Amino acid sequence: MTKEYKTITEISGPLVFLEKTEPVGYNELVTINLPDGTTKRGQVLDTSADMVAVQVFEGTGGLNEESGVVFTGETIKLPVSKDMLGRILSGSGEPLDGGPRIIPEDRVDVNGASMNPYSRMPPEEFIQTGISTIDGTNTLVRGQKLPIFSGSGLPHNEIALQIARQAKVPGSTEDFAVVFAAMGITSEEAQYFMEDFEKTGALERAVVFLNLADDPAVERLITPRMALTAAEYLAYEHDMHVLVILTDITNYCEALRQMGAAREEVPGRRGYPGYMYTDLASLYERAGVIKGRKGSVTQFSILTMPGDDITHPIPDLSGYITEGQIVVSRELHRKGIYPPINVLPSLSRLMNSGIGAGKTRDDHKAVSDQMYAAYAEGRDLRGLVAIVGKEALSERDQKILEFADLFEDRFVRQGRDEDRTIEDTLNVSWSILAELPEALLTRVDNKYIQKYHPAHKSK
Amino acid sequence: MKGEIYRVAGPVVTIRGIKPKMYDVVQVGHEGLMGEVIRIEGDKATVQVYEDTAGIKPGEPVVNTGMSLSVELGPGLLESIYDGIQRPLMVLQEKMGDFIQRGVTANGLSREKVWEFRPTAKKGDSVKGGDVIGLVQETENIEHKIMVPPTISGTISEIKAGKFKVDEIICVLENGTQLSMMQKWPVRKPRPVGKKLMPNKPLITGQRILDGLFPVAKGGTAAIPGPFGSGKTVTQQQLAKWSDTDIVVYIGCGERGNEMADVLNEFPELQDPKTGRPLMERTVLIANTSNMPVAAREASVYTGITIAEYYRDMGYDVSLMADSTSRWAEAMREISSRLEEMPGEEGYPAYLSARLSEFYERAGYVRTLEGQEGSITVIGAVSPPGGDFSEPVTQNTLRIVKVFWALDAKLAQRRHFPSINWLTSYSLYTQGLSGWFGENVAPDWVTLRDNAMDLLQQEAELQEIVQLVGSDALPEDQQLVLEICRMLREYFLQQNAFHPVDTYCPFDKQYKLLKAISKYGEMATAALEAGVPMKDILSLESKDELAKVKFEENFQDALDAVLTKMDKEFAQLGGK
């Protein structure tokens, strides 16, 4: 169908309304020819026998009633190929690196289909990121979706890059391929990522999609879907283990809200559309492992919490979909601790299936639980000390208070290039747990105390 | 009569040219996507479509099936995993691979599988709706009772025995009605019962804080609200694993795919503590994950409860877990907003409260049409945005349910699991079940429990003082209360769902644990009064050892050893 319609009746924000068309499919891809010869692309949002509404990706600037609209008869597809590795593409999949167009091995609908839950394999392969607060207390596994909840001005980009550099499955030689999707980040931030990718050689095994802050907001709705489509293709057709970094989910949600407002929809909480949960799920759920296929898609997204508020709809809805979250804390950052990850509100839901004997080490869960319990109590005690002074604390409480400091200083704090093995992480854990009286280690089975506690181990 | 599509906007499609009834199922477009009529306006009707509508065009044909959305009920439901409209996910995988494509239909019950039917009624018997006419051994422990559909009655003129497929005729009535082992029932209509009775037996879950402090009755309703990461799903799964019901229906409504994969992986391997058989053999799973079509998510809870009612009608105790009802409410909101309905609170439709209460009201302890007793216990997870319990779904749910298990993010952060807050949770069944507990657990159980609750309440008040002045400033008897409460929290309330022994705690063990803590409390109080220094009482080895007995495989011996030691240690402390 190559017929061109010049029946635009209304242009409003990113939306264009047309009349008197042949029947047009819902979600169909549209090209728009402007009078000045440029073309734009869009997608059908609403179609009826009388009227069609089109959402224009590159913005409606320059459009008028003279513009011609062509319906392509198909939904948005991404040309995919193994040669995408090493390429830098725009937020809508066009090459930005001056290289040739991708010669497609296949063309895949970017919306993806939902994975049959029956085909899923429960993720359980431990990924070592070399960061203790993740490996030790919030373990990541292959096929998981674990976002970083951060705030403006915090070093989430550095943490993400460190993970992209260091992530590996111990005992396996396969590297991760990285699919990086930038949504509305500044060109400075994008540069930072690109330089690091180039410096470390990671770019060769990466596919980069860039939608920057000055690119049209509507395009942001497509960028992560392009990235995930590429990731799924590499994982399930080429048996690769893919780490997807989406940044920043908050910008994506802002674009979603912008579109909802333009469509005059009934808004939900804080003006975000009521379907934001479903929409975010259609991104996050595209992670996993399929029975009988080798590859996997692991998602590590970055989300900046507006006002550091974890109950804001964006982190809140994300937290209900993702399998945990890594929370970056302003307080720890101010103390000069890197990585400033606060383990207390952080969580990895799949941790239990990825750790233990044969995967990491038999004492892993007990050690993690014990540190959580002691650190949580220690932090509470800090509040108390501020009121009554340290002397008013019992001996037991003083020990726990000291533990909290040790925990931050020795377990949380590490170098930007320090790649700790899981053994290192657990040994650090024991070295600080050993500072507590043994009777306080109620979460740890006696046999592990005998086996790993420095006081017994050396004997 | 043939109709056509007029308009497509996401999952909401407007059709014209046919005159359907409300809630009729229609087939939309060339691919025959399944949808349900949810509004009629003049010559147009609005349909919510259960599958993705990308590429569907105005003008494509629409066919009315004239039926409302129904499920197939009969042998073969158990061990199945369905999507929200009862399509078996295993069959979908065979037909279209690892990703769900649209336009594929699949029967809820296999038409190939042959079942051995043993009639229990005979020719000449007069039967009415709900009467059992024969039996099928569905799994090792579950006898599937083949019942006359609720709306049918008559005299049997012919009944067969032997091996049949679910849609073959096994019984004919004199009025000519032919019965097979399968019946269909519209999901939005509750199946009739003889009479609703008062629930008076507890649902034993093997979870100490639930059974011990906030029990739910068989046939009761409970809600588990909590912010993300507080352990809703783990609690729901623990209930699905260990509840002492005959049948479990687990609805994953708009939740994570990996969680359902986990259930599918684990349930065939776990043993039902009552029968020793794999848990999967008593389970029906419904998985409509968050990225599957939203209209099918809306339908999934109805599909689940209808299956639960069917087993209840056989006289079984059924428990149904819906994880999460908030996602269901959001599906309603999404569809309502596409219909441009006037929104109520926070964009939810004004009928939210009515829908929630209709759903929970399908729970209950009942006398079935045949005169047996059966029950459905409904446990709904709620996911309040930002963990704020004042939002509409939580509030409307709390107005209906009798048990409230409040999950607390603070407890979860310090790895106190299950992170159910003992101060804000409640159960309205506690009184009604006291008699049962007194008879079946121990005469002093109710007193023990009330004392424990009382202490925990005292602890909360003392903690406020401690926050200001530190615990050393408290008098010794109050310090002792704090210590006993710490024991209650750590030794009794905390339970490790991932520990092979601790994951399920029989009632007898719960009683003995609580009794042991209370014994320490009594002896310590006595010792303190006798002038023994607090420090000595707190440093007893037996007290610390009591922490670990719950993990022991040989619980009784371990407990006895600790209690003997405790007696000895207290004797040594002496006092005046």
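The values are calculated or read from the model by the stated rules, or taken from the named source; none is laboratory data. Values in this document were obtained by computation on a predicted structure and should not be read as measured data. Positions of Cβ are backbone-derived with ideal geometry, glycine not excepted, and every protein chain shown enters the neighbour counts. Side chains are part of the model used for accessible areas, which takes the heavy atoms of the whole protein and leaves out ligands, DNA and RNA. Shrake-Rupley method; radii C 1.70, N 1.55, O 1.52, S 1.80 Å.
List of remarks:
- Out of B:M34, B:M90, one residue alone is without any contact (Cβ under 8 Å) to a residue 12 or more places away in the chain and within 29 Å of the chain's Cα centre (by Cα). It is B:M90.
- Extreme residue, surrounded by the fewest Cβ atoms within 10 Å (Cβ to Cβ), among residues of segment A:313-345 that are facing chain B (nearest Cβ under 9 Å) and small (G, A, S): A:G324
- Residue check for A:T425: more than 29 Å from B:V466 (Cβ to Cβ), touching a helix residue (DSSP H, G or I) at 6+ places or on another chain (Cβ under 6 Å) and β-branched (V, I, T): yes
- Qualifying residues in segment A:105-130 (those that are assigned to a loop (DSSP other than H, G, I, E, B) and free of Cβ contacts under 8 Å to residues at least 12 places away in the same chain) - the one farthest from A:T278 (Cα to Cα): A:N116
- If you go through segment B:245-266 and keep only what is over 15 Å from the mean Cα position of the chain (by Cα) and of a type in the set (F, W, Y), you end up with nothing.
- Verdict on A:D279 being open to solvent by 10 Å² or more (accessible area, probe 1.4 Å), touching a Pro at 6+ places or on another chain (Cβ under 8 Å) and at pLDDT 90 or above: yes
- Count - residues of segment A:384-413 that are open to solvent by 60 Å² or more (accessible area, probe 1.4 Å) and assigned to a helix (DSSP H, G or I): 11
- Any hit, segment B:336-344, residues being within 24 Å of the chain's Cα centre (by Cα), open to solvent by 10 Å² or more (accessible area, probe 1.4 Å), over 14 Å from B:V318 (Cα atoms) and within 14 Å of chain A (Cβ to nearest Cβ): no
- Residue that is nearest to the chain's Cα centre (by Cα) [pool: residues in segment A:345-364 that are aliphatic (A, V, I, L, M) and part of a loop (DSSP other than H, G, I, E, B)]: A:L350
- Residue list for segment A:433-454, restricted to those being more than 12 Å from chain B (Cβ to nearest Cβ) and without any contact (Cβ under 8 Å) to a residue 60 or more places away in the chain: A:A434, A:E435, A:Q450, A:H453, A:P454
- Residue check, B:R362 modelled with pLDDT under 90 and closer than 22 Å to B:A295 by Cα: no
- Selection status of B:Q27, under 33 Å from the mean Cα position of the chain (by Cα) and closer than 30 Å to A:G295 by Cβ: no
- Verdict on B:Q463 being modelled with pLDDT of 95 or more and open to solvent by 40 Å² or more (accessible area, probe 1.4 Å): no
- Failed criterion for A:I102 (all others in (1) surrounded by 21 or more Cβ atoms within 10 Å (Cβ to Cβ); (2) hydrophobic (A, V, I, L, M, F, W, C); (3) part of a loop (DSSP other than H, G, I, E, B) hold): (1)
- Residue selected from segment B:267-298 under the condition assigned to a helix (DSSP H, G or I) and in contact with a Phe, Trp or Tyr (Cβ under 7 Å, 6 or more places away or on another chain), by the criterion nearest to B:G206 (Cα to Cα): B:L279
- So A:G389, is it at pLDDT below 90, within 28 Å of B:V466 (Cα to Cα) and not acidic (D, E): yes
- Residue check for A:T133: open to solvent by less than 10 Å² (accessible area, probe 1.4 Å), in the same structural domain as A:S318 (by TED's automatic domain parsing) and part of a loop (DSSP other than H, G, I, E, B): no
- Strands (runs of 3 or more DSSP E) enclosed by segment B:156-266 - at least 1 residues per element that are surrounded by fewer than 22 Cβ atoms within 10 Å (Cβ to Cβ) and in contact with a strand residue (DSSP E or B) (Cβ under 6 Å, 6 or more places away or on another chain): B:162-165, B:169-173, B:178-180, B:183-186, B:195-197
- Reported count of residues in segment A:159-213, each being among the charged types (D, E, K, R), closer than 24 Å to A:K294 by Cβ and in contact with a helix residue (DSSP H, G or I) (Cβ under 8 Å, 6 or more places away or on another chain), is 2.
- Selection status of B:I85, open to solvent by less than 40 Å² (accessible area, probe 1.4 Å), of a type in the set (A, V, I, L, M), closer than 19 Å to B:I286 by Cα and touching a strand residue (DSSP E or B) at 6+ places or on another chain (Cβ under 7 Å): yes
- Yes/no for B:L264 being touching a Phe, Trp or Tyr at 6+ places or on another chain (Cβ under 6 Å) and within 22 Å of A:S119 (Cβ to Cβ): no
- Residue list for segment B:313-329, filter: assigned to a helix (DSSP H, G or I) and open to solvent by less than 10 Å² (accessible area, probe 1.4 Å): B:T325, B:S326, B:R327, B:W328, B:A329
- Those residues of segment B:522-548 which are touching a residue at least 40 places away in the same chain (Cβ under 8 Å) and closer than 17 Å to B:R486 by Cα, in sequence order: B:M523, B:A524, B:T525, B:M534, B:I537, B:L538, B:K543, B:L546, B:A547
- For segment A:1-40, residues that are under 25 Å from A:R220 (Cβ atoms), surrounded by 18 or more Cβ atoms within 10 Å (Cβ to Cβ) and either among the aromatic types (F, W, Y) or more than 14 Å from chain B (Cβ to nearest Cβ) (or both) total 6.
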